[in-house]
Amino acid sequence: MVSERIRPLNPAGFGLAELAVTLAVVAVVTTFAAPSLVAAWRAATLRAAAEELVTALNLGRQLAISRNTPVCIAAVGPEVRFEGTSAGVCSGVGLPGAVPVRLASGLTVRAVGADVVFSGLGAATPAGRYVVAGPAASGTRSVVVAVSGRVSIQ
């Protein structure tokens with residue numbers, strides 16, 4: 001026999017009171033969850049931009065090795081350019097066939113100190129650091145290039 005507590009659904013569906021309570025609960029949960037979701041989204045965007053920069057730096061290193069010539073990595077706003085060198089300094093002239101890499105997120109990149117120059121053997125002279133910065137108050141990520149040419153995110 002079926003218990004009296006199990007009743008068939010009302011053919012009218014949900015009432016106004018049930019819908020109002022459900023919407024109120026969703027509104028409260030959204031109010032508390034939204035700031036955390038936005039912060040996580042910003043952190044993920046910053047991390048992704050730093051990983052894009054690592055990929056661009058490794059591409060510059062690979063260009064230097066494959067062409068057996070020094071390649072300077074110049075960071076200008078959201079772009080990373082591959083330039084030739086003149087006396088160990090960026091010449092300002094892009095390498096033929098090397099297209100600048102633009103960060104998909106549009107975040108800005110800046111070099112801390114001198115731009116890194118990869119030798120034909122893949123070593124970095126000087127070792128350097130690039131900073132990926134987001135919009136105001138969203139933080140920064142550092143990408144470090146060791147003398148050996150190894151690129152890492154910190």
Task: Filtered residue count, segment 61-113, keeping only those that are under 18 Å from residue 126 (Cα atoms), among the polar types (S, T, N, Q) and assigned to a strand (DSSP E or B) - done: 3
Task: Pairs with Cβ under 9 Å, 6+ apart, first in segment 98-118 and among the aromatic types (Phe, Trp, Tyr), second part of a strand (DSSP E or B) - done: 118/71; 118/72; 118/73; 118/124; 118/125; 118/145
- [ ] Those residues that are in a loop (DSSP other than H, G, I, E, B) and within 18 Å of residue 72 (Cα to Cα), I need them from segment 114-136; list them, please.
- [x] 114, 115, 119, 120, 121, 122, 123, 126, 127
Open item on the list: Among (1) in contact (Cβ under 8 Å) with a residue 60 or more places away in the chain; (2) in contact with an Asp or Glu (Cβ under 6 Å, 6 or more places away or on another chain), there is one condition residue 134 misses while meeting the rest; what is its number?
Closed with: (2)
Open item on the list: With the requirement that a residue be of a type in the set (Ser, Thr, Tyr) and in contact with a Lys or Arg (Cβ under 6 Å, 6 or more places away or on another chain), what does segment 119-152 give you?
Closed with: 138, 142
Open item on the list: Condition check: surrounded by fewer than 20 Cβ atoms within 10 Å (Cβ to Cβ) and in a helix (DSSP H, G or I). Does residue 53 satisfy that?
Closed with: no
Open item on the list: Which numbered condition in (1) surrounded by 10 or more Cβ atoms within 10 Å (Cβ to Cβ); (2) at pLDDT 85 or above is the only one that residue 32 fails?
Closed with: (1)
Open item on the list: I'm trying to understand the selection: among the residues of segment 137-154, which are free of Cβ contacts under 8 Å to residues at least 40 places away in the same chain and out of contact with any strand residue (DSSP E or B) (no Cβ under 8 Å at 6 or more places or on another chain)?
Closed with: 137, 150
Task: Residue list for segment 99-141, filter: within 19 Å of residue 52 (Cα to Cα), of a type in the set (Ser, Thr, Tyr) and either crowded, with 16+ Cβ neighbours inside 10 Å or within 11 Å of the chain's Cα centre (by Cα) (or both) - done: 105, 108, 130, 140
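The values are calculated or read from the model by the stated rules, or taken from the named source; none is laboratory data. Predicted model only: the values in this text are computed from it and were never measured. Quick reminder, even Gly has a Cβ in these numbers, built from the backbone with ideal geometry, and neighbours come from all protein chains shown.
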